[in-house]
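Data first, discussion second: the structure below is written as structure tokens.
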Amino acid sequence: MSGATDAPAIGMIVPPARGEVPPEATAVYPDIRFLARGLGLNAMAGDDYARVTAHVGDAAASLAAEGASVVGVMGTSLSFFRGAGFNDELTDLVAGRSGRPASTMSTAIVRALKAFSARRLAVLTAYEDDVNRMLATFLETNGFEIAALRSLNIRAVADVAGVGTDRLVDEGRAAIAAAEAPDALLISCGGLQTLDCVRQLEAEAPLPVVTSATAGVWDLARLAGVHNPRSGFGRLFEIA
């Protein structure tokens, strides 16, 4: 949590059990108060997504009771694993239980990519093949073309945070090269810490880098009406 107690509060439903605010949030918006609730997701896999989504409504209600002005589901695969229709249903559930404007990380990446008018994508994910197929279906349903996809092949949620910037930059470069003139690079998985990666890749290539973590934070700040363009965190945050 950061900022004064009377500042606007943004509520986040995060996959890990410990329920910590993503570091991107407080780095980019130090003046905003963030609240978080964890769902206890152990594996990036369909059966575990189904298990924890049963608790999303309660988490949304709890965040609203604590003072959140908007509430978001900060898990990309958690919100796309059953397709675009389920993502919409999850958004409606969060809004209904919290009584607040709501979004998801899957909605956030779509909004961020469309803000750059991106259609043809280079994609890097943390996921295994089964979840990559779910992501591909979600993106294609929303009008995007996947020109190349690389994956870190991680299943355990606990292993995601250990992926360093150097590896993300190397894999991102490879995805961009394989895609042959993409409109944007998408890095999917909210647990990957990507601010430094975005800075490096955008300094090298003439294309925007959209990540789950950055898009999720940007989208909720806009939804709460507290976003102002700011430099130093990537092109996405420079958009009004």
Task: Unit charges on C-beta of K, R, D, E only; dipole of the range 159-240, Debye - done: 300
Task: Paramagnetic reach from Glu20 in the range 40-63 [backbone N under 20 Å; point 7 Å along Cα→Cβ] - done: 40-44
TODO: For Val73, enumerate residues with amide H under 5 Å from its amide H, sequence gap 5+ or separate chain, H modeled in the peptide plane.
DONE: Ile13, Ser103, Thr104, Met105
TODO: With springs only between Cα atoms under 10 Å apart, run a GNM on the chain and tell me which of Gly172, Gly72, Gly40 wobbles the most.
DONE: Gly40
TODO: Can you send over the carbon and sulfur percentage of the accessible area for the chain, probe radius 1.4 Å, protein chains only?
DONE: 47
TODO: Just name one of Gly234, Ala148, Ala179: the one whose Cα is farthest towards the positive end of the charge dipole of the chain (beta-carbon charges, Lys/Arg +1, Asp/Glu -1).
DONE: Gly234
- [ ] Quick one: what are the phi-derived ³J(HN,Hα) couplings along the range 197-214, Karplus 6.51/-1.76/1.60 with θ = phi - 60°, whole Hz, x for glycine and proline?
- [x] 4, 4, 4, 5, 5, 5, 6, 8, 10, x, 8, x, 10, 10, 10, 4, 5, 5
- [ ] Please calculate how many Å² of accessible area the chain carries per residue, with a 1.4 Å probe and no DNA, RNA or ligand atoms counted.
- [x] 38
TODO: Taking H placed 1.01 Å from N in the peptide plane, check which residues at least 5 places from Thr125 or on another chain put their amide H under 5 Å from its amide H.
DONE: Arg150, Ser151, Leu152, Ser188
Open item on the list: Helix-only estimate, please: 222 nm mean residue ellipticity of the chain, summing -39500 (n - 2.57) across DSSP H runs of length 4 or more and dividing by its residues, to the nearest 500.
Closed with: -13000 deg cm²/dmol
Task: Pair Ala203, Lys114: separation of 7 Å Cα→Cβ label points (nm) - done: 3.3
Open item on the list: Which residues does the label zone of Asp196 cover in the range 129-173, counting backbone N under 13 Å from a point 7 Å along Cα→Cβ?
Closed with: 162-170
Task: Low-density loop positions, trypsin sites (Lys or Arg not before Pro), the range 180-240 - DSSP coil, at most 15 other Cβ in 10 Å - done: Arg230
Open item on the list: Under a crude label model (7 Å from the Cα following the beta-carbon direction), how far is Arg230 from Asp47 in nanometres?
Closed with: 4.2
TODO: Any chance you could list the semi-axes, whole Å, largest first, of the equivalent ellipsoid that the Cα gyration tensor gives for the chain, using √(5λ)?
DONE: 26, 20, 16
- [ ] Name the residue farthest towards the positive end of the dipole of the chain from the options Ile109, Val52, Ser62, assuming +1 on Cβ of Lys and Arg, -1 on Cβ of Asp and Glu, about the Cα centre.
- [x] Ser62
Open item on the list: Suppose every Lys and Arg Cβ carries +1 and every Asp and Glu Cβ carries -1, with no other charges. What dipole size does the range 28-172 come out with about its Cα centre, to the nearest 20 debye?
Closed with: 360
- [ ] Would you kindly derive the ³J(HN,Hα) couplings of the range 132-148 from the backbone phi angles with the Karplus curve 6.51 cos²θ - 1.76 cosθ + 1.60 (θ = phi - 60°), listing them in order in whole Hz, with x for Gly and Pro?
- [x] 4, 5, 4, 4, 4, 4, 4, 5, 5, 4, 8, x, 9, 10, 8, 7, 7
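The values are calculated or read from the model by the stated rules, or taken from the named source; none is laboratory data. Remember, predicted model here, so these are calculated numbers, not experimental data. Cβ atoms come from the backbone with ideal geometry, glycine included; neighbour counts cover every protein chain shown. Remember, those area values only see protein heavy atoms, side chains included, never the ligands or the DNA or RNA. Shrake-Rupley method; radii C 1.70, N 1.55, O 1.52, S 1.80 Å.
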